[in-house]
Amino acid sequence: MNVSELLRLLQTEHDETSARADSLHEQIERLTTVLAETEARLAELAATRKVIDGLIPPDHATAPAETTTATAYQRIVTTFNEHPGKVFRVRDLHEHLSLPTDEPSINVTRSRLGRLVRQGLLEQPGRGRYQKRT
């Protein structure tokens with residue numbers, strides 16, 4: 001095998017890998033959009049449920065229907081609203097909210113914060129840092 005044939009094979013593999021990476025980036029963008037739309041719909045449904053629960057007379061009231069996820073998002077947003085200029089790291093936010101600081105819990109919150117950034121509620125002034133959007 002000569003050098004020019006080796007370079008041709010290398011270029012072919014590079015082109016195929018580049019095309020695959022482009023395809024994966026497109027999939028990520030589509031899934032990110034669908035996820036944001038779905039989460040926005042969930043937030044709308046939770047707000048609707050809260051309004052409807054508020055309209056039910058006390059003698060007909062049922063137990064609160066808020067999910068753990070909705071409550072977690074509310075606690076996060078409330079914390080940032082109470083400290084608008086403060087920059088939080090995920091672990092600091094967990095300690096502030098008295099949440100577990102194990103890695104899986106931290107990753108769930110990191111994901112939630114990323115969604116709030118994409119929705120425009122928070123901003124990321126640095127890697128791993130979050131604050132209320134000004």
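The values are calculated or read from the model by the stated rules, or taken from the named source; none is laboratory data. The model shown is predicted, which means the values in this text are computed figures rather than measured ones. All Cβ positions, glycine included, derive from the backbone under ideal geometry; neighbour counts span all protein chains shown. Areas reflect the complete protein model, heavy atoms only, side chains present, ligands, DNA and RNA absent. Shrake-Rupley method; radii C 1.70, N 1.55, O 1.52, S 1.80 Å.
As I understand it, the value is the acute angle between the Cα axis of helix 103-118 and the longest principal axis of the Cα atoms of the chain; what does it come to in degrees, rounded to 10?
For 103-118 against the chain, the angle is about 90 degrees.
Would you calculate, for the chain, the mean residue ellipticity at 222 nm contributed by helices, counting each DSSP H stretch of 4 or more residues as -39,500 (n - 2.57) and dividing by all residues, to the nearest 500? Provide the component values of the computation, followed by the final result.
Working: 4 runs with 91 residues, N = 134.
The helix-only estimate for the chain comes to -24000 deg cm²/dmol at 222 nm.
Based on the inverse mean of 1/r over its pairs of different Cα atoms, what is the Kirkwood hydrodynamic radius of the chain, in Å?
18.4
Using a 1.4 Å probe over the heavy atoms of the protein chains, calculate the carbon and sulfur portion of the accessible area of the chain as a whole percent.
The C+S portion of the solvent-accessible surface of the chain is 57 percent.
Give the accessible surface of the chain per residue, rounded to a whole number of Å², with probe radius 1.4 Å and ligands, DNA and RNA excluded.
In whole numbers, the chain has 74 Å² accessible per residue.
Quick one: angle between helix 3-55 and the longest Cα principal axis of the chain, in degrees between 0 and 90, rounded to 10, please.
Relative to the chain, helix 3-55 is tipped by roughly 10 degrees.
At 0.36 nm per residue, and after removing the present C-alpha to C-alpha distance, how many nm does the segment from HIS96 to THR71 gain when stretched out fully? Each step should come with its number before you reach the end.
Values: separation 25, 0.36 × 25 = 9.00 nm, distance 1.54 nm.
That works out to 7.5 nm of additional length.
Could you calculate the FRET efficiency of ALA21 with ARG118 from 1/(1 + (r/R0)^6), where r is the beta carbon distance between them and R0 is 30 Å, rounded to 0.05?
0.85
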